[in-house]
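Worksheet for the structure shown next.
The values are calculated or read from the model by the stated rules, or taken from the named source; none is laboratory data. Since the model is a prediction, treat every value here as computed from it, not as a measurement. A quick note on method: Cβ atoms are made from the backbone with ideal geometry, for glycine too, and the neighbour counts reach across all protein chains shown. These area figures cover heavy atoms from the full protein model, side chains too; ligands, DNA and RNA do not enter into them. Shrake-Rupley method; radii C 1.70, N 1.55, O 1.52, S 1.80 Å.
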Amino acid sequence: MCHCNECSKKEKYFITTAIAYSSRKPHFGNTYEIIMSDAMARFQRQMGKDVFFLTGTDEHGQKIENLAKEAGISPQEYVDGVSGEIKRIWDLMGASYDKFIRTTDDYHVKSVQHIFRKLYEQGDIYKGSYEGWYCTPCESFFTDIQAEGGVCPDCGRPLERTQEEAYFFAMSKYASRLIAYIEEHPEFIEPESRKKEMINNFLKAGLQDLCVSRSSFKWGVPVTFDDRHVIYVWIDALSNYITALGFDPDLSEQPELYQKCWPADVHIIGKDILRFHTIYWPILLMALGQPLPKKVFGHPWFNSGIDKMSKSRGNVIYADDMAEYFGVDGVRYYALSEMPYNADGSITYENVINRYNTDLANNLGNLVSRTHAMTVKYFGGVIPAPTEEEALDGEIKEAFAKAVALSRQNMESFHVADALSAIFEMLRRANKYIDETTPWLLAKDEGKKARLGTVLYHLLECIRGAAVLLTPFIPQTAEKIFTLLATDKTAYETVGAFGALESGKVLGQSVVLFARIDEAKFFEALKAKEEAASAATQEEPAIEHEAEIKIDSFAAVELRTAQILACEKIPKAKKLLKLQVNLGYEQRQIVSGIAKFYEPEDLIGKKVVIVANLAPATLCGIESNGMLLASGEDNVRVVFLDPETPNGERVH
């Protein structure tokens, strides 16, 4: 979003994705949402709107705390890695977001704490206790009726019975107001079937108060007035849509960006979290006295074949892996063309190859290649003027106008696959036009040179128009086409009428947009890659163990807790760091070979375990009195303790 005078006059458009959960690398189904949202953001920019596109990562919760513990690192270190991977994939896919928010960002944490306190002080949040079923992967609570068979109704995994003190949000007091709002704003929830599901299954069935804090784990935003609790995901994560704009209930006046952008024009989310975005989120906003988003669009899922894609099923396909074979625009095109408006899409490599070859290589790529080659061959690469038109030309112009109208109409109603279909229907008509006009035969008759030029102009203009319309979907390819056509007529306004391409210009160099993929060779290469990965895993060396020792031998090793007070690099010793540590009863110096893995400033203040009775040793002329406890050889990790651990405690 721009803040110049010109853009300030434009209509704003605030679009968001759900923030991705930072537990694992996102698979292709997860990545669909950022691709679709990016296409919508780019389309709205074409429409002349001042777009603000928000995405990011959800980084708190029990699941992440558990995964970090398994990995032997802190939750912050864990989410730093996963969030970085998510952002890398979003960037690879060409996501043109304006802001990437993380729920561990300090400004977000502060605002969420203020939101929670405000709701508590005004009586919307109260303290109680919870007993029931909980799904850690989904981070959701379920009643006995919902938890039939002890499994999660959303993901099918086993539920655990839990009981803990918690704060609750009094949802029920806002239910009738929300029902009225939904009925008065039919565009609020799309598709229509999802709206009926929310009203009938949740709102009219009776809305239960919502658990909004947890006290059984620590990785979350702390409740400022009760530090035994952390704020639960549905206040923490959902609030990102307004905290990213600078909203804070403690401010006397909200910042300019919030005033300009809010309410959101659309939240694009997966159908599985529609309840949280169309019931919990609107009620939270009502309680804060803020406007509701204009629309929540719940898109379907991508299944692997006919099954839901999941790591546990072993059927996961990743977008970055696909991009190695099909290119970024190949991945984007499949995602956007294969997902219906209101039904799940399907992905298999066979389907991707078929769609890629049929639509991108044959229809679009072949049309561009043939037209460019004929213009070079018959006119020296100079774009000819359309001087001798016939009835068939009217049909190609009609196909052009129809593609413009239908693609826009479908994008405005979120029928993204139908928008692409309309554009590729024009391309199919253009390919048919080649067969009908037979330029290679016209070229044999000098008297038909003008007609030949007219035919080629119409083809080139169709290609230019297609590139303009395809810009939101496959932007890299659109840019290649504009370069090939040597045209600056790239704005959406230029497809308002047929004929914006300028005659007399010389075409750019030919490029292969999409090379046809041989299916048999593709699967041979894929199999070889999988076998190589499997072999690499199997070749991991067996773990070597030291000789057995008696308990007395172990007891003779004095392990104690200590805090690192100072740390510095040792000149001319690339592997060594010199540390000053406090054992509580004394301070001592230790030299440790961890310089490759840690910067000195990262270690100061950390609580560690040291071997306290190790005989002194001199390393690079510096005396060392002890040794840090660490794991690993190729990748060393120091064992860090809880910051509250007292110095000098014996470790047994």
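For the chain, the longest principal axis of the Cα atoms and the long axis of helix 175-184 meet at an angle of about 10 degrees.
Ordering PHE43, PHE554 from largest to smallest accessible area (1.4 angstrom probe), what's the sequence? Don't jump to the answer; show the numbers that get you there.
Values: PHE43 10, PHE554 95 Å².
If we order PHE43, PHE554 from most to least accessible, we get PHE554, PHE43.
Dipole of the chain computed with +1 at Lys/Arg Cβ and -1 at Asp/Glu Cβ about the Cα centre; of ALA39, VAL316, PHE116, farthest Cα towards the positive end is ALA39.
Helix 416-437 and the long axis of the chain differ in direction by around 30°, with both axes built from C-alpha atoms.
If you wrap the Cα atoms of region 103-210 in a convex hull and average its projected area over all directions, you get 8.8 nm². Ranking ILE268, LEU288, ALA566 by how far each Cα lies toward the positive end of the dipole of the chain (charges on Cβ) leaves ILE268 at the top. About its Cα centre, the dipole of the chain is roughly 980 debye, where the only charges are +1 on Lys and Arg Cβ and -1 on Asp and Glu Cβ.
Taking 24 Å as the limit for the C-alpha separation, the pairs LYS195/LYS402; LYS69/LYS529; LYS448/LYS505; LYS377/LYS505; LYS10/LYS489 exceed it in the case of LYS195/LYS402; LYS69/LYS529. Ranking ASP272, ASP58 from most to least accessible surface, computed with a 1.4 Å probe over the protein chains only, gives ASP272, ASP58. Only protein heavy atoms count here; under a 1.4 Å probe, SER624 has an accessible surface of about 10 Å².
At the residue level, PHE640 shows approximately 70 square angstrom of accessible surface with a 1.4 angstrom probe and all protein chains present.
State which entries of LYS550/LYS606; LYS397/LYS449; LYS204/LYS271; LYS12/LYS480 exceed 23 angstrom in Cα-Cα distance in the structure shown. Cα-Cα > 23 Å for LYS550/LYS606; LYS12/LYS480; rest within. ARG408 sits with roughly 100 Å² accessible to a 1.4 Å probe, with DNA, RNA and ligands left out of the calculation. Ligands, DNA and RNA left out, the accessible area of the chain computed with a 1.4 Å probe is 50% carbon and sulfur. Determine which residues of region 472-493 fall in the zone a paramagnetic label at ALA525 would reach in this model, i.e. backbone nitrogen under 20 Å from the point 7 Å along Cα→Cβ. Under cut-off, by backbone N: 477. Extension gain for the segment SER215 to GLU425, taken as residue separation times 0.36 nm less the Cα-Cα distance, is 69.9 nm to one decimal.
Accessible area per residue for the chain is 46 Å², calculated with a 1.4 Å probe on protein heavy atoms, without ligands, DNA or RNA.
Against the chain, whose longest principal axis is taken from its Cα atoms, helix 319-338 shows a tilt of about 60°.
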